Structure formats: C-alpha cells, structure tokens
Amino acid sequence: MSSIQPLLILIESAEKARDDAVSQLEGARRAHEAARQQAQSLADWRKEYQQRWSSQFAKSGGMEIMRCYQDFTARLGDAVAEQDKRVAQAAQVMEQCRLQLIERERKVAAVGQLIDRRVLEAAQREQRRDQKATDEQAARAGRGSPLSSSFGGGNKFAPTSY
C-alpha cells in the first residue's frame, strides 16, 4: 500500500483542481448569462426607444430633436455592440473553463485507473504469496506424514530386515 500513497496524494490534488475548475466554469457561466441578459436588455430598450420616437417624429419634430435622437441612437448602438463583444468574450472564457474542466476530469480518471490497477496488482501479489505459502505448507505436511513415508520406504516404524 505504500506504493499507492503518492497516488492518493496525487488524486486528492487532481480532484481539488477539478473542483476548482467546476467553480470557475460556474462563475464563467454566470458572467456569460449576466452579459447576455444585459445585451438583451439594451437591445430591447433601443428597440422600444426607436419605436417611441418614430411615432413622435410622425406627429412633429424639429431638426434639433432629430439630431439628438440620432446621436443618442448611435451611442446606444455603440453600447449594444460593446455589450455584444462582452458576451462573446464571456463565451470564450466559459469555453476555456469547460475545456480545462474536461482536462482535469481526465487527469482524475487516469490517476483513479492507475490506483485501481496498483490495488489489483497488490491483491494479485498477495494472493500469489498466500498460494505459495499454502503450497509450501502442504508440501511440508506431505513429507512429514506417515502415509507418504510408507510409500517412499522411509517409515521408521517399519521393519528394515526380513
């Protein structure tokens, strides 16, 4: 079992790293979802703003109000585009976290398989050792029994001359 001890330490470390990766992925998912919701809110607000002012311009509107509307709409479009970039960046971070989690899960699985293999090998060695001891004990018991001696001619109770 002492040969497994370093592997147990390694799997504990690998499991901690995997758990950290799970936490990072969840954080990245939350950040992505928040960014996506913010982008959706901005896009919805821009649409409502445009609809409201287009009906206002149909009634009346001066050139100055039109310029203010266009400037604000342009800035709002820039904000929507910037937020879309943030959503894309958050999606990239989330994907990187997902790939890192997969890699860490593979490491945990590999170390787990190695531990299983080492435990099986140790059990097989122990079984062979037990079998060898049993065989040796049976061989010793067989050499010392009176029945085996009488067939072999080495019985000390049998007469040696006729």
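No other residue among Arg104, Arg117, Arg140, Arg86 is out of contact with any helix residue (DSSP H, G or I) (no Cβ under 6 Å at 6 or more places or on another chain), assigned to a helix (DSSP H, G or I) and at pLDDT 90 or above apart from Arg117. Being part of a helix (DSSP H, G or I) and either modelled with pLDDT of 95 or more or farther than 30 Å from Ala91 by Cα (or both) is a description that applies to Phe57. The residue list Glu64, Glu33, Glu48, Glu15 contains one member that is touching a helix residue (DSSP H, G or I) at 6+ places or on another chain (Cβ under 8 Å), among the acidic types (Asp, Glu) and either under 30 Å from Lys107 (Cβ atoms) or assigned to a helix (DSSP H, G or I) (or both), which is Glu15. Within the set Ala43, Ala17, Ala39, the sole residue that is among the aliphatic types (A, V, I, L, M) and either within 30 Å of Leu114 (Cα to Cα) or within 28 Å of the chain's Cα centre (by Cα) (or both) turns out to be Ala17.
The values are calculated or read from the model by the stated rules, or taken from the named source; none is laboratory data. These numbers come from a predicted model, not from an experiment. So basically every Cβ, Gly included, is an ideal-geometry build from the backbone, and we count neighbours across all protein chains shown.
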